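Okay, so here's the structure we're looking at.
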């Protein structure tokens, strides 16, 4: 793997941010989004790839390589930045509820203690709209947050990155320089939060293989190889078949 794939240069990230800021402010896309009757099931969007991931499986790195290979923007935490900018929401509060399970005390009583608090329901509502906006622009790789449950499958594909738990724990230990037990707790907690986040807000099981066009176990594959599989799957996907299935359902 090249160093540019594993560590995108500051210049590349800056250019991507500038491109995304332009479409974020696009009047045409904003009007389309605001006029949509049902943002959770738009009829058609631009091309996208949604990448779900187990904690510690390397999903973000693979997404970055996919974006580099296709020349597409990659949205992970950037979605939170755009939500904060577009809807004037506190960035630090968005981070607290991002892909976490709902907390009744935080959502219901927290607002009485701190007006800046963002509830999980409000977070998901705005997340759906900013995800839809990104997909309308197209040519984007979306990481996590149940985006595959929001967007039409006819316009893109959904992939999931998995890896055996012991290897994911080892990755967490190396990344954060923490003990094995702390890494195991972190892996289990993240997986649980992501699973419950998607189940509560999108009514889907994020671990159900039927939800994806492609599932990749990275235990024996490099990030580069996994990215190439995703790009190939996107280029060879039969979108007409997806349209027919949607019409039947």
Single residue of the range 189-207 satisfying the filter (assigned to a loop (DSSP other than H, G, I, E, B) and closer than 20 Å to residue 165 by Cβ) that is nearest to the chain's Cα centre (by Cα): 206
Candidates 210, 184, 159, 154, filtered to the one that is surrounded by fewer than 22 Cβ atoms within 10 Å (Cβ to Cβ) and in contact (Cβ under 8 Å) with a residue 40 or more places away in the chain: 154
Of all residues making up the range 213-228, the number that are assigned to a helix (DSSP H, G or I) and touching a residue at least 40 places away in the same chain (Cβ under 8 Å): 5
Qualifying residue in the range 68-77 (condition: more than 14 Å from the chain's Cα centre (by Cα) and more than 17 Å from residue 232 (Cβ to Cβ)): no
Condition check for residue 241: surrounded by fewer than 14 Cβ atoms within 10 Å (Cβ to Cβ) and modelled with pLDDT under 95: yes
Spans of helices (runs of 4 or more DSSP H) in the range 4-92 with at least 3 residues modelled with pLDDT of 85 or more: 59-70, 78-87
Yes/no for residue 118 being in contact with a helix residue (DSSP H, G or I) (Cβ under 7 Å, 6 or more places away or on another chain) and modelled with pLDDT of 90 or more: no
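The values are calculated or read from the model by the stated rules, or taken from the named source; none is laboratory data. This is a predicted model, so every value here is computed, not measured. Methodologically, a virtual Cβ is constructed for each residue, glycine included, from the backbone with ideal geometry; neighbour enumeration extends over all protein chains shown.
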